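J.: First the structure, then my questions, so here it is.
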Amino acid sequence: MASLSSVGRDPVPDQSTGLSHRHGNLVRRYTHAYGEWLRRHQSLIQKLQWLVVCVYLALVAVPAFLPLPGRTASMWNNLTVFAQFAFWGIWWPFVLVSMVLVGRTWCGVFCPEGALTEAVSRVGLGLAVPRWIRWKGWPFVAFVCTTVYGQMLSIYQYPMPVLLILGGSTAGAMVIGYLYGKNKRVWCHYLCPVNGVFGLLTKLAPVHFKVDQDAWTRSQKSGDLGVHAVNCAPLVAIRTMRGASECHMCGRCSDFRDAIACSPRSPDAEIVTVAGDTPRPWETLLIIFGLMGVATGAFHWSASPWYIDIKQAAATWLIDHDITWPLEIEPPWWILTHYPQQNDTMTLLDGGVLLFYIFATALILGVAISLGLAFAALCLGATSSADRFAARFHHLAQCLIPMAGCGVFLGLSATTVTLLKAEGMIIPFLPELREALLAGAFLWCVWLAFEVSGRRLAGVVTNGGQLQPAILVRRLGATLGVAAAAAIGVYSWALMFWIW
Ligand code: SF4
């Protein structure tokens, strides 16, 4: 095995990272060494995964069989409160952050569900993956369903919904692992409820496993002697891999055929240069209606005065029409929140208004954001006879990933803030930190739109089709459209943190 792959030896200053020749080489050397370390320490990683599995199963299962915590319970003396903080205060928000920093390393190195589904598939039936599992809409549908169901059951507050939803997801991962694929992670690739979200955020990661096609071809031509097959558990088509979305950063393919290396890249690179090649409508839906719509509604409703107004109006209307059963029926905890001993129950009316609020928020925000993107796509115009409006729309939607991810992080970290406050810990400069994050995400979206539109219009410039000022106007118009769409995201979070 070579000490450095051809990817790591590139003598040309790395345009994709924007680093100087010397610094670029240094960073490439370290990232390559990191990939090699992962490959060489697979057994250590497996042990780590089993440790995470044990901690995860204990935190998911045990609190569900303990009495609910009292008013004075704290994360230092109560396992249920500790598990609540571990899952919703630390794990979920910071796993999202890790996607942007180091790609899907969480999935490949730490994720208990990934480890379990792969382990079970080693001894499973090894059946071929059926068509219904390969449906491309699962990442969107699974994310929306688990987000909404989690809100209906108050998953952030109570341990039984955690066992039902997270435990159910883990059980599903194991069943799918047992049935389909051998030594694979079929669940992770197709069905995991956060697979789509992780895949989107990872596009912003500054590291990825880069495939050198020329080196691969050279290696094939020189014969396959000494080349060992790589088991890519999440079913990535390694040879043609250009982006990081599907790769779990497990490192097993590092230096394969002397053509693959963990490499640095510009955080903009994948969205600008790769994401536009294949339009992915389900990803667009996930960004616009999932992360910036349903997720926003799910975080908003408990703080929203509009939710109260809608509920009161609906209750008044029902009473005026002598229909009282929606105000009286309180379904069990696995349908709607039902903890009478905590004075926390939901009636059918509460649940109905909750669903209406979340989906109405998703629809209003989603349509408004889509209008901004449509304006941007129209400004960009067709740059060739094959350039369709839909392709431009989907590519420009990718520019909103920083805002979509930032919003979900802010919503989740609001739970972190609440839990820390209950422990007497106050985060200093919290409003300023939130403002800085929103401003940074907004500017990043605008910059991505400027870059994407520049790249798409490059063909027009090359062909000498239009005068430069006209092209600049088209580029600025497209950037403005995306900026308007991102501003809707900023406003939706400003409502929750500063206006209500
Ligand atoms: S492509 Fe597959 S084998 Fe290679 S690092 Fe990614 S997940 Fe691992």
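J.: Among the numbered criteria (1) within 14 Å of the ligand (Cβ to nearest atom); (2) aromatic (Phe, Trp, Tyr); (3) surrounded by 20 or more Cβ atoms within 10 Å (Cβ to Cβ), which single criterion is violated by Trp216?
T.: Tallying (1) within 14 Å of the ligand (Cβ to nearest atom); (2) aromatic (Phe, Trp, Tyr); (3) surrounded by 20 or more Cβ atoms within 10 Å (Cβ to Cβ), Trp216 fails exactly one: (3).
J.: Then there is this: Identify all residues within region 343-366 that are open to solvent by less than 50 Å² (accessible area, probe 1.4 Å) and more than 30 Å from Arg71 (Cβ to Cβ); write none if there are none.
T.: Selection gives Gly352, Ala360, Thr361, Ala362, Leu365, Gly366.
J.: Okay, next question. Looking at (1) within 15 Å of the ligand (Cβ to nearest atom); (2) not in a strand (DSSP E or B); (3) not assigned by TED's automatic domain parsing to the domain that holds Leu127, which is the only condition His208 fails?
T.: With respect to (1) within 15 Å of the ligand (Cβ to nearest atom); (2) not in a strand (DSSP E or B); (3) not assigned by TED's automatic domain parsing to the domain that holds Leu127, His208 is out only on (2).
J.: Same structure again: Mind checking whether some residue in region 118-137 is within 17 Å of the chain's Cα centre (by Cα) and either part of a helix (DSSP H, G or I) or aliphatic (A, V, I, L, M) (or both)?
T.: The answer is no, given that none of the residues of region 118-137 is within 17 Å of the chain's Cα centre (by Cα) and either part of a helix (DSSP H, G or I) or aliphatic (A, V, I, L, M) (or both).
J.: State whether one or more residues within region 219-240 are in a helix (DSSP H, G or I) and away from the ligand (no atom under 16 Å from the Cβ).
T.: yes
J.: Within the set of pairs 6+ apart or on separate chains, which have a first residue in region 470-481 that is aliphatic (A, V, I, L, M) and modelled with pLDDT of 95 or more, a second that is open to solvent by 10 Å² or more (accessible area, probe 1.4 Å) and part of a helix (DSSP H, G or I), and C-beta atoms under 6 Å apart?
T.: The qualifying pairs are Ala478/Cys379.
J.: Give Ile323, Ile369, Ile364, Ile308 a once-over and let me know the one that is in contact with a helix residue (DSSP H, G or I) (Cβ under 6 Å, 6 or more places away or on another chain), not acidic (Asp, Glu) and not assigned by TED's automatic domain parsing to the domain that holds Phe140.
T.: Only one candidate passes the filter, namely Ile369.
J.: Between a first residue in region 247-258 that is more than 17 Å from Pro112 (Cα to Cα) and charged (D, E, K, R) and a second residue that is within 8 Å of the ligand (Cβ to nearest atom) and open to solvent by 30 Å² or more (accessible area, probe 1.4 Å), which pairs have beta carbons less than 7 Å apart while being 6 or more apart in sequence or on different chains?
T.: Note: pairs meeting the criteria are Arg252/Val230; Arg252/Asn231.
J.: Which one of these is open to solvent by 60 Å² or more (accessible area, probe 1.4 Å), under 30 Å from Ser302 (Cα atoms) and within 26 Å of the chain's Cα centre (by Cα): Leu437, Leu412, Leu419?
T.: None of the others qualify; the one that does is Leu437.
J.: Could you check region 372-390 and list, in sequence order, the residues that are open to solvent by 20 Å² or more (accessible area, probe 1.4 Å) and out of contact with any helix residue (DSSP H, G or I) (no Cβ under 7 Å at 6 or more places or on another chain)?
T.: Residues satisfying the conditions are Leu378, Ala382, Ser385, Ala386, Arg388, Ala390.
J.: Then there's this: Within region 44-56, does at least one residue satisfy the condition of being open to solvent by 70 Å² or more (accessible area, probe 1.4 Å), within 16 Å of the ligand (Cβ to nearest atom) and free of Cβ contacts under 8 Å to residues at least 12 places away in the same chain?
T.: yes
Residue by residue, here is whether (1) among the aliphatic types (A, V, I, L, M); (2) more than 30 Å from Thr347 (Cα to Cα); (3) open to solvent by less than 20 Å² (accessible area, probe 1.4 Å) holds:
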site	(1), (2), (3)
Tyr149	no, no, no
Thr170	no, no, yes
Gly181	no, yes, yes
Phe209	no, yes, yes
Asn231	no, yes, no
Glu246	no, yes, no
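Per-residue answers, yes or no, for (1) over 13 Å from Ala360 (Cβ atoms); (2) touching a residue at least 12 places away in the same chain (Cβ under 8 Å):
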position: Ser304; (1), (2): no, yes
position: Tyr307; (1), (2): no, yes
position: Ala314; (1), (2): no, yes
position: Leu318; (1), (2): yes, yes
position: Asp322; (1), (2): yes, no
position: Ile329; (1), (2): yes, yes
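J.: Inspect all residues belonging to region 307-326 and state whether any of them is of a type in the set (Gly, Ala, Ser), away from the ligand (no atom under 16 Å from the Cβ) and crowded, with 20+ Cβ neighbours inside 10 Å.
T.: The answer is no; no qualifying residue exists.
The values are calculated or read from the model by the stated rules, or taken from the named source; none is laboratory data. In this text the structure is predicted, and so the values were computed from the model without any measurement. A quick note on method: Cβ atoms are made from the backbone with ideal geometry, for glycine too, and the neighbour counts reach across all protein chains shown. All accessible areas refer to the heavy atoms of the entire protein, side chains included, with ligands and DNA or RNA removed. Shrake-Rupley method; radii C 1.70, N 1.55, O 1.52, S 1.80 Å.
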